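Here's the structure, in structure tokens; my notes come after.
Bear in mind that the values in this text are calculations on the coordinates, not laboratory data. Source: prediction; values computed, not measured. Here Cβ is always computed from backbone atoms with ideal geometry, including for glycine, and neighbour counts include all displayed protein chains.
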Amino acid sequence: MNASSQDELIDDILEYLVNHPQAADSVDGVSRWWLARNGAAPPQADVERALATLVERGLLRRVELPDGTVLYCCEPSARH
């Protein structure tokens, strides 16, 4: 994945969260429901990298549930 594609995924995730600030989902859910266009979801590995970047930047929170499921949601301190 090139940098512009990565930046586009990051922008799409942030745009989704602006419109759905309470959203929380797994990598699969983010791929299928937040980012799928015309029925085509981006590769999960690319989505994982974008989510990891947003966590590193302090814009998303990574939450691991007791069953091992990992969810991503907006970092409360990053909300305006």
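Taking residues in segment 1-21 that are under 13 Å from TRP33 (Cβ atoms) and free of Cβ contacts under 8 Å to residues at least 24 places away in the same chain, and partners anywhere that are surrounded by 12 or more Cβ atoms within 10 Å (Cβ to Cβ) and among the small types (Gly, Ala, Ser), the pairs with Cβ atoms closer than 9 Å and at least 6 places apart or on different chains are ASP12/ALA50; TYR16/ALA23. Only one entry of ASP67, ASP46, ASP11 meets the criterion of being loosely packed, with under 13 Cβ neighbours inside 10 Å, of a type outside the set (A, V, I, L, M, F, W, C) and not in a loop (DSSP other than H, G, I, E, B), and that entry is ASP11.
For segment 22-39, a residue qualifies if it is loosely packed, with under 13 Cβ neighbours inside 10 Å and over 16 Å from ALA52 (Cα atoms), and the qualifying residues are GLN22, ALA36, ARG37, ASN38, GLY39.
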